[in-house]
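If you scroll down you'll find the structure; I have some questions about it.
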Amino acid sequence: MNDLQTEIAAQAARWVVDEGLEYGSAKRRALKELGLPSRTALPGNDLMEDAVRDYIAVFCRDTQPQELLALRRLALLWMVRLQVFRPHLGGAVWHGTATRLSDIYLQLFCDDCKSAEIALIDNKVNYVARSVTGFHGETVDALSVHAFCQDLNEEIGVHLMIYDRDDVRGALLPDAKGRAPRGDSRALRRLLGEVLP
């Protein structure tokens, strides 16, 4: 890590928190704003996460905890609805850096990859199907929905990434910091401080 990467991360963190940009987009925007060449080495996601936490601690400490709580409650609601697909929560909502501008990312581990889509259709849930980069860099199908968050009084993007059932084993390997990169509904309930059923 160098001072330039730290500066890029600090600049990018502002857009992640204030505008809801993804890390990659925020880093590229920071390069442009700082007038740096496009080949400049970008900060890693661990450094970005630290910069986001620092930014939240300074500028959002009064609002972010309640926004995070609201997003985690909404995520749990969707995880309960989709329990048959073994949902796991990842991203900023799982790691605790989410704000009201953050989307919810759920990984579903399905016996049949079309079953989650059929369940949404059967329950008359509008969604957009697309392809995204998965947690191992592979292309995976995703179903994106807008869900109303009562606690925030606004729509939140909920993205359901579809994986094969067997992929769950690799999904739970610790990240570079030794943390679980995602968690199931029981783990989320522990984060929420709720009594497990």
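Does V52 satisfy the condition of being among the β-branched types (V, I, T) and out of contact with any helix residue (DSSP H, G or I) (no Cβ under 9 Å at 6 or more places or on another chain)?
no
Moving on to the next point. Please state which of the following conditions L160 fails to meet, knowing it meets all the rest: (1) within 18 Å of D184 (Cα to Cα); (2) modelled with pLDDT under 95.
Going through the list (1) within 18 Å of D184 (Cα to Cα); (2) modelled with pLDDT under 95, L160 breaks only (2).
I've got another one for you. Can you report the number of residues in the range 39-93 which are crowded, with 18+ Cβ neighbours inside 10 Å and within 12 Å of S185 (Cβ to Cβ)?
So the answer is 11.
Select from the range 9-38 the residues that are of a type in the set (G, A, S) and either buried (at least 18 other Cβ atoms within 10 Å of the Cβ) or outside the structural domain of Y55 (by TED's automatic domain parsing) (or both) and list them in ascending order.
A9, A10, A12, A13, A26, A30
Starting from the range 48-77, take each residue that is outside the structural domain of S25 (by TED's automatic domain parsing) and list its partners that are acidic (D, E) and outside any helix (DSSP H, G or I), counting only C-beta distances under 6 angstrom and pairs at least six apart or across chains.
Listed by first residue and then by second, the contacts come to A70/D151.
Next question, about the same structure. If you take the residues of the range 153-188 that are surrounded by fewer than 18 Cβ atoms within 10 Å (Cβ to Cβ) and among the basic types (K, R), which of them is nearest to the chain's Cα centre (by Cα)?
The residue in question is R179.
Quick one: in the range 101-150, which of the residues that are without any contact (Cβ under 8 Å) to a residue 60 or more places away in the chain, under 24 Å from V17 (Cβ atoms) and small (G, A, S) is surrounded by the fewest Cβ atoms within 10 Å (Cβ to Cβ)?
If we take residues in the range 101-150 being without any contact (Cβ under 8 Å) to a residue 60 or more places away in the chain, under 24 Å from V17 (Cβ atoms) and small (G, A, S), then S144 is surrounded by the fewest Cβ atoms within 10 Å (Cβ to Cβ).
Same structure again: Please go through the range 72-90 and give me each residue that is out of contact with any His (no Cβ under 9 Å at 6 or more places or on another chain) and assigned to a helix (DSSP H, G or I), ordered by number.
If the condition is that a residue be out of contact with any His (no Cβ under 9 Å at 6 or more places or on another chain) and assigned to a helix (DSSP H, G or I), then R72, R73, L74, A75, L76, L77, W78, V80, R81, Q83, V84, F85 are the ones that fit.
Something else about it: Take the conditions acidic (D, E) and in a strand (DSSP E or B) and apply them to E117. Does it pass?
no
Take the conditions farther than 26 Å from G20 by Cα, at pLDDT 95 or above and basic (K, R) and apply them to R165. Does it pass?
Here the answer is no, as R165 does not meet what is asked.
Would you be able to say whether some residue in the range 90-106 is more than 14 Å from the chain's Cα centre (by Cα) and of a type outside the set (V, I, T)?
no
The values are calculated or read from the model by the stated rules, or taken from the named source; none is laboratory data. The structure presented is a predicted model; accordingly, all values stated were derived computationally and were not measured. Note that we place each Cβ from the backbone using ideal geometry, even for glycine, and neighbour counts take in every protein chain shown.
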